[in-house]
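Working notes, structure below.
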Amino acid sequence: MVIAGEKVNMLLSQSRGNAKLRKSELAQYRIMGLSLAPGSPQVCPHATAGCRAVCVGEGGMARVFPEISASRAMKTAFLRQKPDEFRDQLRREIAQQLALADNVGEQLVLRMNTFSDLDWSDIARQFPQVIFYDYTKIHSRWLKIRSGEWPTNYALTFSWSENPRHQEWCARILSGGGNVAMAFHHAGRGYCGHGAYRQELPGFWTIGGERHPVLDGDMSDLRFLDSGADAWFSPKPGKGWIVGLRLKAATEADRQKAIETGFSAEYRP
C-alpha cells in the first residue's frame, strides 16, 4: 500500500525493535506489536495531558530516529484513509506470523495498541489461537469483560490517569477483580531516563478505600500472565491487582508536568 508517495511494507513489528515489548522476550513467545502515531483523538481518544507529557511514542528513540515517527505516521494515515485495506493487510500479516510461530513451536502474542487505544476485538475473534493484550483508558470495556462479550484471548489492563472519571472507573474495576496499571514516582530530581528505575514501587496501594497488591509491571509487559492465566477474564471481586509502573520521562520538564497533572502517584518508601 502506498500512502502519500511512501510504501507501507509491514504493519506489525517484532519485539526487539520496541522498548515496550523487548523487555518481555521469552523463548516460548513470538511477540509482535502494532505501532501507530500517538496523540490524536482518532488514535488515543482518552489521552490526557499527563500521559501526553511522558508518552514514549512521541519521545525517546522516535526523536532520535525520525524514520520511526514517519513509519508510524504512514501506518496511521493508511488506517485512517483506507481502513478496510489496512485490516486486510493486518489479517494477512497475523496469519503469516502465526504460521511462522507454529513452525517453531512458539505462541504468537500481539500487542495491538503499542501507542494507541483502539478496539481490535474483531481481529482477536478471527484468530483465537493468538494471544492479544493491551492497556486501555476506555474503561467501559470492563463491562464487556464482565458480561462475556469481550474475546477471552484479548487481555486488557485498565489505565489510571489524572482524570477523575477514569479514577472512578479504576476503583470500580479493581473492586470487581480487574487489574489497573498505575504510574508511581519519587519526589525530587534525577529520575529521568535510566534514573527512573531507581524509583521503588509500593507493595500495596489503597484506591477507593480498598487495599490492593502492587506488582512490578516494569519486569515484563506480558500482562495476560498477571495473577494467573485466566484471572483477567474470570475476575474475582475484591482481588484486582495494581500494575505498578515507574514514571518515566525524557526530561525533568516533562516529568514535572506529568506529576503536576496528577497522572502519577507519589510513593515515599
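The values are calculated or read from the model by the stated rules, or taken from the named source; none is laboratory data. Not measured: the values here are computed from a predicted model. Quick reminder, even Gly has a Cβ in these numbers, built from the backbone with ideal geometry, and neighbours come from all protein chains shown.
Miscellaneous remarks
- Strands (runs of 3 or more DSSP E) wholly inside the stretch 170-269 containing at least 2 residues that are small (Gly, Ala, Ser): 180-185
- When 195, 148, 176 are screened for being in contact (Cβ under 8 Å) with a residue 40 or more places away in the chain and out of contact with any Asp or Glu (no Cβ under 7 Å at 6 or more places or on another chain), only 176 passes.
- Scanning the stretch 183-226 for residues that are under 30 Å from residue 27 (Cα atoms) and in contact with a helix residue (DSSP H, G or I) (Cβ under 8 Å, 6 or more places away or on another chain) turns up 183, 217, 218, 221.
- Cβ separations smaller than 8 Å between residues 6+ apart or across chains give the following pairs from the stretch 90-102 residues that are closer than 20 Å to residue 113 by Cα to residues that are assigned to a helix (DSSP H, G or I) and at pLDDT 95 or above: 90/123; 91/123; 91/126; 94/123.
- Counting only helices (runs of 4 or more DSSP H) that sit completely within the stretch 62-149, those holding 2 or more residues that are modelled with pLDDT under 95 correspond to 66-81, 141-147.
- Residue match in the stretch 15-31 (condition: closer than 24 Å to residue 138 by Cα, in a helix (DSSP H, G or I) and modelled with pLDDT of 85 or more): no
- Among (1) among the aliphatic types (A, V, I, L, M); (2) surrounded by fewer than 12 Cβ atoms within 10 Å (Cβ to Cβ); (3) under 25 Å from residue 46 (Cβ atoms), the one test that residue 180 misses: (2)
- Residue in the stretch 47-59 that is assigned to a loop (DSSP other than H, G, I, E, B), at pLDDT 55 or above and of a type in the set (Ser, Thr, Tyr) present: yes
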